[in-house]
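To start, the structure itself, in structure tokens.
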Amino acid sequence: MTPANAQRRKDRDKQEVKEEGVMTRLEGESMATEGMKFMMKDEPDRALPVFEKLAQINPQDATTHYLVATALIKLEKYDEAINASKKAFDIDKENIFYAQQLAELYAKRRKYAEAAQIYETLVARNPENIEYGIELAAVYVFNDQFDKAIETYNRLEKSMGVTEEITHQKQQLYLRQNNLEKALAEGKKLIEAEPGEVSYRVELAEMLIANDRIVEAVAPLEEALKINPDEAQAHVLLADIYRRNGDVQKCNQELKQVFANPNLDADPKIRVLSGYLTMLKTENEVNEAISLARQLSETHPNEAKATVIYADLLTRQSKFAEARDLYIKAAAADPNVFQVWGAILQLDGQLNQPDSMLVHSEKALELFPNQGMFWYFNGMANLMKKNFREATSALEESLKMMGENPQLVPLIHAQLGDAFNGIGDHEKSDAAYELALKADPNNDHVLNNYSYFLSLRKEKLDLALKMSEKLVQQHQNNPTYLDTHAWVLYIRKDYKKAKEYLEKAMLDSSSVSGTIVEHYGDVLFKLGERDNAVAQWKKAKRMGETTELLDKKIATGALHEQ
């Protein structure tokens, strides 16, 4: 081959290599672009195989390994990501992005020593980057190297000056080391750096209080109030200090200043008032608390929690009607509090207002359809209004949801007994009463109603007598129970004994109903005392609560029975 031909061949080979390199580079750039598109579309599972192929083609390209690690991080495959990230870092230790990625992965996998080593290098190389110092300190904290973390924060403080974030971090570390004095010193340093910032004095007081140095906490709180007399938390903490010392009068003074300010949030007021309620002992103190609660409720009329506290205190004083109205107001402000609806329904029951109970239970069930207690109240309301079918439906729904509640289930069975009796389903009524008595053999309500209804049906009279006897033994002066027992005796034709129990029932004239007096007239008629019987029937008519047959008895002067 001539020298000229050899040179041409050489040049041609060089050109081919050059073109091959260009093609490879272009192919690599195209693949990288494709992978980045997948990453931008949040499809790391599709980007990963593209980046991995690139890494195989060019294993010495740090960027490709970095991209592999990025995709693996997105897929939460952290251990595999560490391997790829370390390859990128080992190839180019000067690149801060590779270093930062690897350090973050080490920290995530709790390899704190390895993470610290990288962050130390980054801090030394980039002292102006505060973020690296903060990350390094955090790694030291995670690794329980509190002294090193504090040293790092001190270095940051020299370059940044005293800051709230770093001071708080140092305080927490000193407290974890049981070094209260240094934690307090940090708080004082923050106050010196920004003397006009009231919150730093309050924070110092809170730390003192938390560590039972109550007396020392008063000074920074008083200083805070000199700067800003409306600082609610300072008043709250002072009130708490006075509460701890048993000085109710000073505690009230602080609370009144807080509560009278409409510009202050309700939350700190609610918090301190809740604490204050735990120390109440005398009636005067309770009255003071009610006054504060009223003030709080009036100052923040749309704050449901404030209204509830006021209602709770009124309930405590048996002011049920006022309390119920306040709970309704609270429910209007925030209808999603289960306990408030429970309180409303409880008070509807205590006030004996079935109409209100029915309306409120229906509203509560719209919000909480799976709450058995609300179905129970709905059933009770319907039962009281003699809506027996609606009552059975609601009570059975309640039973499904409250089946694991041993205290409430017998009460539901008792109410079901009444409701089934109301619709004439005596078999289900008796079964419900039996279940109630099985759980609570001394249930007065069941013993009374079950025995009375059996007597009206003239069925199971031995059982009725046994239950009514038990009832009057336990409640010897209760007119209603004495009347029930007397009526069971009447049905059994034991008129003399029936008369004895009815006369005993009528000893307390304030508790005697027209029903009892009508029964007494019936017994007298059976004993041959016709005129006296008619007199008693007329008396019963004036009293009300009698049977439909009473007018016929009076008109004919004779006994008429259903």
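Normalising by the residue count of region 195-279, find the relative contact order in percent from Cα pairs under 8 Å and 6+ residues apart.
23 percent
When the Karplus curve 6.51 cos²θ - 1.76 cosθ + 1.60 is applied with θ = phi - 60°, which whole-Hz ³J(HN,Hα) does each residue of region 170-181 get, with x for Gly and Pro?
Taking θ as phi minus 60°, the curve returns 5, 4, 4, 5, 5, 5, 5, 8, 6, 10, 5, 4 Hz for region 170-181.
What is the spread of the Cα atoms of the chain along each of their three principal axes, largest first, in whole Å?
155, 73, 35
For region 195-279, report the % of Cα-Cα distances exceeding 23 Å.
Tail of P(r) above 23 Å: 13 percent of Cα pairs.
Per residue, how much space in cubic angstrom lies within the convex hull of the C-alpha atoms of region 252-327? Present the calculation step by step, with values, prior to reporting the outcome.
Working: hull volume 5.7 nm³, N = 76.
It comes to 75 Å³ per residue, whole-number rounded.
Explain nothing, just the number: relative contact order of region 119-264, from Cα pairs under 8 Å at least 6 residues apart, as a whole percent.
11 percent
Using alpha carbons only, how many degrees (0 to 90, rounded to 10) separate the axis of helix 495-505 from the longest principal axis of the chain?
60 degrees
Before anything else, pin down the relative contact order of the chain: Cα pairs under 8 Å, at least 6 apart, normalised by residue count, whole percent.
Once divided by the residue count of the chain, the mean separation gives 3 percent.
May I ask for the angle, rounded to the nearest 10°, between helix 266-277 and the longest principal axis of the chain, with both axes built from Cα atoms and the value confined to 0 to 90°?
With both axes taken from Cα atoms, the answer is about 50 degrees.
Full-extension gain between Gln172 and Glu283, please, as 0.36 nm times their residue separation minus the C-alpha to C-alpha distance.
Additional length available on full extension: 35.7 nm.
Starting at the first residue of region 249-259, write each ³J(HN,Hα) from the Karplus equation 6.51 cos²θ - 1.76 cosθ + 1.60 with θ = phi - 60°, in whole Hz, x for Gly and Pro.
Listing the rounded values in order: 4, 5, 4, 4, 4, 5, 5, 4, 5, 5, 6 Hz.
Can you tell me the 0 to 90 degree angle between the C-alpha axis of helix 409-422 and the longest principal axis of the chain, rounded to 10?
50 degrees
So for the pair Gln317, Ser30, with labels modelled 7 Å out along Cα→Cβ, what separation do we get in nm?
Taking the simple label geometry, Gln317 and Ser30 are separated by 8.6 nm.
Sort 226-233, 481-488, 204-211 by packing, meaning the average of other beta carbons within 10 Å per residue, with the highest value first.
Highest-to-lowest ranking by the protection proxy: 481-488, 204-211, 226-233.
How much length, in nm to one decimal, is gained on full extension between His445 and Ala558, taken as 0.36 nm per residue of separation minus their Cα-Cα distance?
Contour length minus Cα-Cα distance gives 37.4 nm.
Check Gln371: other-chain or 5+ apart residues with amide H under 5 Å from its amide H, H built from backbone geometry?
Hits under the 5 Å cutoff: none.
Each label point is 7 Å from the Cα along the Cα-to-Cβ direction; what then is the distance between the points at Lys428 and Arg244, in nm?
The modelled label-to-label distance comes out at 6.1 nm.
Counting pairwise Cα distances across region 414-481, what percent come out greater than 14 angstrom?
On the way: 1231 of 2278 pairs.
Within region 414-481, distances greater than 14 Å cover 54 percent of Cα pairs.
Return the sequence-ordered ³J(HN,Hα) values of region 530-547 in whole Hz as given by the Karplus equation 6.51 cos²θ - 1.76 cosθ + 1.60 applied to θ = phi - 60°, using x for Gly and Pro.
4, 4, 5, 4, 4, 4, 5, 5, 5, 5, 4, 4, 5, 7, x, 6, 10, 7
Here, each number is a calculation from the coordinates, and none is a lab measurement. It should be emphasised that the depicted structure is a prediction, and the values quoted were computed from it without experimental measurement. With ideal geometry, Cβ positions are generated from the backbone for all residues, glycine too; neighbour counts draw on all protein chains shown.
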